[in-house]
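To keep things clear, I will list the structure first and then write my remarks on it.
Bear in mind that the values in this text are calculations on the coordinates, not laboratory data. Note that this is a predicted model, so its numbers are computed, not measured. Cβ sites come from the backbone with ideal geometry, for glycine too, and all protein chains shown count toward neighbours.
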Amino acid sequence: MIPALVVFVYLAVVVYIGVFAFRRSKGQGAEDFFLANRSLGTFVFLLSLFGTNMTAVAILGSSGHAFTNGIVTYGLMASSSGLVIPLTIFLIGTRVWALGKRYGFITPVQIFRDRWECSHIGTVIFAVQAVLLVPYIIIGIMGGGTTLSAISGGFVPFWLGGAVVAAVVMSYVFFGGMRGTAWVNTFQTLLFLVFGIIAIGVIGAGMGGFRGAVESLGSAPATSWLLTRERISPYYFFSYTFIPLSAIAFPHILIFCLTAKRMVQFKKTVIFYPLCILLIWSPCVFLGVMANRVTDVPEIRAKQEARRTLATQGARMEPAQRDDLRERASGDDIILLLLQRYAPLWLAGILGAGIMAAVMASDSQILALSTMFTEDVFAFYGGRRRFGESAQVQTGRIFVIILTVLAYFVALRAPETIFEIAIQYAFSGFAALSPLMIAALFWRGSTKWGALASTVWVALAVTAVAVFQQTYPAPAPGPPAVVWSAGGTELLARTSSGTSIYGFMPVVPMVLVSAFLMFAVSKLTAKPSAATVEKYFPQRD
Amino acid sequence: MKRALIVLAVAALYVLHQDFWFWRTPYPVFGIIPIGLFYHGCFSVAASLLMWLLVRHAWPHHLEREVEGGAGEGGEES
């Protein structure tokens, strides 16, 4: 119970930061609430932008994925992100910031509407972004429920843990707006940067050093593959490099790019971003793999047993039985179980607070959705003109409450693991939306119809993948269940972790088709006026 | 020329992410870190160095000048 109490103290501190930010706000203006008056300094900008991207996936999802799949997790998700995300922030984030500063944009849809001279198409883009963003918020609440439940040894049930996290996030977003969210994210990023280093030390000492664990993992045929990537197809590995394109298409990241006080603040952010990823992900992945050598924790043994049963008998089981085993084998709480076993109680509490910091990163998504709703819908359709700017901010706050409550109830019913939901819906969908901003900023010839075609494609593709995976249950680990082939070539298959299209993850065709549609449809349709094109692509000497 | 070299460096690092040469090797570097994990840790450091190169040699100064007029602004930071 002591660790849970430490975590509750941490949650109280976080709420206080939100209230303190509320007191610091210099008025009730929309730009102050939604963008902290575009005044974030270098330190807060770097850490909060990074923290915004680090959700439950970073700590719980990564260690859980590594527990099941081995070291491949880092190459799949972390190192590719360390290249692609800062690169897109460098190329796109800086330009979005400059546009925001010059023309007062607050959301990506405002840029699209202005760039392509459209109105309702912007609303369609908003709707697709909003639907894709909600699963990301759910991840945070699920992660909170899992964490509090595990830290308290089951004393705090999942539903209560999720409710507490939802209430805390809602409070500081409601009061502090962007300033509160940025400060909390900065505090949280510092915590989980420290967390990784301490966790490695404590768990390593508890296990009697890692050298023996690595040796025994490598020498046993049943586990040696965890130290390699032999069970992962190179196509699958390559596919993952498309996923980080989602970062710059996520509205909360683009909106965060607008909060920097000066452009120079992007410099340190892009340089240090890959190093922050290294510091946070490598301990999580390493510890997740090492957990496979732990034999004296009943919960971890139960997971290992469930995985073995799934591998050896899964093919003969009913889909529901396989799903149940997958649930039991899931390693989302693996790092918490390691802490419970190897860390002293008080330290487990502090480290648990570090994990809470990661899982509570859904705050930015909630604020972003609130910002988008009030700017792209409420203000755009006349709300601000009729009711005033103060009413707009209050609408944003009410939206925060409604959204958090809805996400909480969905989180209670969502059956899939944290990681699967994130990847299959939100990340792939946003990655496929990235051609929109790229075309808007770098291609004079892009049009609103091209943008609409890409957006509709993304909505249809995400729906198709979801329906396909509901229709065809996941097979047991091993060879995929081929659904469609031609001339002996596998075209469409259901794998144990998702869907495979010609050996690639769906994100690859989703991004490529989205980019093609943006190009082809733009070529065939009328361009915006010359004045607008000149505004975005001025002739420079 | 400089721009072409930078584009080439970005493309090269992207290709280097697909390290098929360590695909099936469990060799532990320093007796602890599997080579596949160690390589990608180094890849992250290389990505940071690449970003430093980009900031130094490909920074969009024109945007900075247009928006900030080439001079630092005053005002309070959050």
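Figures for the structure shown
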item: Coarse-grained scattering of the stretch A:434-541 at q = 0.15 Å⁻¹, given as base-10 log I(q)/I(0) from a Debye sum over alpha-carbon atoms; result: -0.71
item: Gap separating the Cα centres of the stretch A:298-321 and the stretch A:198-217, nearest whole Å; result: 26
item: For the stretch B:2-59, alpha-carbon Rg and Dmax in angstrom; result: 14.0, 41
item: Spatial extent of the stretch A:176-240: Rg and Dmax, with the Cα atoms as the point set, Å; result: 18.9, 53
item: Likely footprinting exposure, A:F242, A:F22, A:F442, fewest C-beta neighbours within 10 Å first; result: A:F442, A:F22, A:F242
item: Residue order, fewest to most surrounding Cβ atoms within 10 angstrom, among A:L337, A:L347, A:L278; result: A:L347, A:L337, A:L278
item: Against the rule of thumb 2.2 N^0.38 Å, how large the Cα Rg of the protein assembly as shown comes out; result: 0.93
item: Ranking of A:D333, A:D323 by count of other Cβ atoms within 10 Å, fewest first; result: A:D323, A:D333
item: Nearest-0.05 FRET efficiency for B:C42 and A:L5, computed from C-beta distance (R0 51 Å); result: 0.80
item: Over the stretch A:319-380: Rg over Rh, Cα atoms, Kirkwood Rh; result: 1.26
item: Point-to-point label distance, A:L190-A:A205, nm (Cα→Cβ direction, 7 Å offset); result: 2.4
item: Expected 222 nm ellipticity per residue - DSSP helices of 4 or more, -39500 (n - 2.57), all of chain A, to 500; result: -22000 deg cm²/dmol
item: Positive-end extreme of charge dipole, the stretch A:132-289 - chosen from A:S149, A:L227, A:G176 (charges on Cβ); result: A:G176
item: The stretch A:287-418 - Debye-derived log10 I(q)/I(0), Cα point model, q = 0.12, 0.18 Å⁻¹; result: -0.71, -1.03
item: Extent along principal axes [Cα atoms of the stretch A:248-288; Å; largest to smallest]; result: 38, 21, 12
item: In nm, spacing of pseudo-spin labels at B:I6 and A:I197 (7 Å Cα→C-beta vector); result: 3.2
item: Estimated FRET transfer efficiency (A:T295, A:I401; beta-carbon r; R0 56 Å; 0.05); result: 0.75
item: Label-zone membership for the stretch A:83-113, site B:W59, 7 angstrom Cα→C-beta point, backbone N under 15 Å; result: A:90-91, A:94-95
item: Approximate spin-label separation A:L524-B:R24, in nm, with each point projected 7 Å along Cα-to-Cβ; result: 4.7
item: Which listed pairs, of A:K101/A:K523; A:K261/A:K448; A:K268/B:K2; A:K448/A:K535; A:K101/A:K448; A:K101/A:K268, have C-alpha distances above 25 Å, in listed order; result: A:K101/A:K523; A:K261/A:K448
item: Residues of the stretch A:205-242 with amide N under 19 Å of a point placed 7 Å along Cα→Cβ from A:L347; result: A:205-213
item: Largest-first ellipsoid semi-axes for the stretch A:221-289, taking √(5λ) over the Cα gyration tensor eigenvalues, angstrom; result: 33, 16, 9
